[in-house]
Amino acid sequence: MNPQSLTDPVLAPQGRSTKYLLLLSLSALGVVYGDIGTSPLYAIRECFYGEYGVPPVHDNILGVLSLVFWSLILVISFKYLIVVMRADNEGEGGILALMELVLPNSKKWYHGMVLVMGLFGAALLYGDGMITPAISVLSAVEGLNVATPLFKPYVIPITIAILLGLFVLQRKGTGGVGKIFGPIVFLWFLVLAVLGVSAIIKNPVVLEAMNPYYAVVFFQLHGAKGLLVLGAVFLVVTGGEALYADMGHFGRLPIRLAWFIMVLPCLVLNYFGQGALLLDHPELAVNPFFHLAPAWALYPLVILSTFATVIASQAVISGAFSLTYQALNLGYFPRVSVLHTSERERGQIYIPQINWLIFAATVGLVIGFGSSTNLAAAYGVAVTTTMVITSILAFIAMRKLWKWTTPLAVALTVFFLILDLSFFGANILKVAEGGWFPLAIGGIIYLLMRTWMSGRRVLKSMLRSLTPPLSSFIQGLTNRHYTIVEGTAIYMTGNPKTTPPALALNLQHNKVLHEQVIIYSLKVEKVPHIMNRNKLRVDEIAPRFYRVVETYGYMDKVDIEQSIKALQQMPATLKLHDVTFFIGRETLIPSRDVGMKDWQARLFAALTISSQRATKYFNIPSKQVFEVGTQVKI
């Protein structure tokens, strides 16, 4: 971790101009804050018109607005923007990045606990990530119903068509999408502020809601029911985890600038404007946001809000891409196709399989739930769980990384947990109404991640038992008969100290060795990026035998073809000519007496089959590849 990032967070990244910083801030506005920025469409409505809503009378309105205001200040501004985002892994954020930062040595007693919390928290984000596009776009298109009921039969088809366009656009990458969407969201936030101010001027008494006294009074009035309303209030902060995950796309400073200068003031003005409207017209609680607009502006507002909700979905989709890529490179996820969409910003990627899986689930939610009000019941359960986990992991970061005193770390963590558990308690009551969906999705993805991680560990153990240490193999060559053939053989292996099975099998069955043998291993560090000059290490371990270890960060692009070109230019005795890559290809045979449960072994075998071929993922020249197969019991 860069200590500069903890001590001087307001400095612009070196080598980046003010113009480029402002461009990143505008792009961040379009990608990172779409989710939080469209909450005004439905959050206040759910507090007063939803299933657990309270009557829109004076004390209730000021109480809800106070809860909304202080939720934005304490959860987003303080917890995420000021504290949690300090835990960046060389600029990369998200719960997996945080987990890797604080993950202790495997011998520590709490290693397994941190690992389980991190993986489960990450898995839960996929569930809420599927709900965000559905509820955001639906709530915007439903604005047409305010103008006329004639549009009601077409709300769902229009929503699905808009979602399709959004997911098709993902191929352009978050940077490209951000440049398109940034100005639109900038306009959206300006409109939020204007609509809010126009109503506040007529009823400025709502500004008193900034006093937390009204939040306290609200709970005194409503008791347990106040907790149910808190579940609707939580809708204003649901983009917090996606915001943290998107940090690697744009950087911490542009995200902070966008929030404090633009996003937060505009959101507060609009929420308070809706409250001011309801003070005079409580009957408009069915859709207070669209009723803020004059009649002539309704259709333009629906169009603008539709664009804004499309952008809202972008935040969680790009966050899912980042999360998947981190999990993949850290060994928690099978290989999938990853397209890097920017040469300048390494964190900007597109993953087709994840993109279309989220699209399919989102369309299913739109059809299945039918309205944004119904979807609101499913929203928030999973992300509140992830927020609780983030607070616990942040405590370890406070002590382990930042060296804060125990009393300070405990006090801050307890404060965060009080906030998180309050929202968690309010949302867990929604499980039966739809909250089960994101929990189910999270559980399935967690199961896949744990199965893949456990299967890889068992497979490595079995392969290690089938072959001797590399040093023993080389020493034993003097007692074996074989033919030396021309060229360079590169044997890909996960453990550079163990004999690659492909090497042992090639010698055993074909009785040949190349005149130059390279044991090539890829090592992924717990940092997002590795400088090019530190990536390759070459050691001559015996005459004609070389060990090459290439180190990557978990957000770096792996490209073996480029690495070989770099290797050829290094001043070393290693000279590459007539290169052939030897890759092991294991056929997995589930077996009850090896180490994995039968169902888990079968699942791991299925995941292995569906995993992208190593030659394509690592960009190994396909015409130079020779695969050596073997059967392995797992």
Residues in segment 421-462 that a label on V336 would reach, taking backbone N under 16 Å of a point 7 Å out along Cα→Cβ: 441-453
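Want the number for T406 to I484: 0.36 nm per residue separation, take away the alpha-carbon distance, what's left?
Details: separation 78, 0.36 × 78 = 28.08 nm, distance 6.32 nm.
Between T406 and I484, full extension yields 21.8 nm more.
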Options G91, L125, F437, ranked by Cα towards positive dipole end of segment 30-454, top entry (Cβ charges): G91
Sites I201 and R613 - FRET efficiency at Förster radius 56 Å, r taken between beta-carbons, to 0.05: 0.35
Computed label-point distance, nm, for sites Q475 and V549 using a 7 Å Cα→Cβ extension: 2.1
K497 versus H111: modelled label distance in nm, points set 7 Å from Cα along the beta carbon direction: 1.5
Sequence-separation-based contact order of segment 30-454, relative, with Cα cut under 8 Å and 6+ spacing, percent: 34
Fully extended contour minus Cα-Cα distance, from K19 to L74, at 0.36 nm per residue: 16.7 nm
Gap separating the Cα centres of segment 178-233 and segment 112-165, nearest whole Å: 21
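Could you calculate the contour length gain from L187 to E51, that is, 0.36 nm times the residue separation minus the distance between their Cα atoms, to one decimal place in nm? Display every interim value, and only then the final one.
Working: separation 136, 0.36 × 136 = 48.96 nm, distance 3.22 nm.
Taking 0.36 nm per residue and subtracting the Cα distance, the gain is 45.7 nm.
Please report the net charge: other residues with Cβ closer than 13 Å to the Cβ of A215, K and R +1, D and E -1.
Net charge around A215: -2.
So if R0 is 56 Å, what FRET efficiency would K535 and V194 give, r being the distance between their Cβ atoms, rounded to the nearest 0.05? Kindly include the intermediate steps, with their values, before the conclusion.
Working: r = 51 Å, r/R0 = 0.91.
Efficiency at R0 = 56 Å is approximately 0.65.
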Column: log10 I(q)/I(0), Debye, Cα scatterers of segment 131-170, q = 0.32, 0.33 Å⁻¹: -1.07, -1.10
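So what is the orientation-averaged projected area of segment 201-242, using the convex hull of its C-alpha atoms, in nm²?
Details: hull surface 17.0 nm².
For segment 201-242, averaging the hull's shadow over all directions gives 4.3 nm².
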Residues of segment 260-299 with amide N under 16 Å of a point placed 7 Å along Cα→Cβ from F219: none
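Could you work out the Rg to Rh ratio of the chain, with Rh taken as the Kirkwood radius (inverse of the mean 1/r over all Cα pairs)?
1.03
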Cα-only radius of gyration and Dmax that characterise segment 469-633, units Å: 17.0, 50
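Each value in this text was obtained by applying a stated rule to the coordinates, not by laboratory testing. This is a predicted model, so every value here is computed, not measured. Cβ coordinates were reconstructed from backbone atoms using ideal geometry, including for glycine residues, and neighbour counts include every protein chain displayed.
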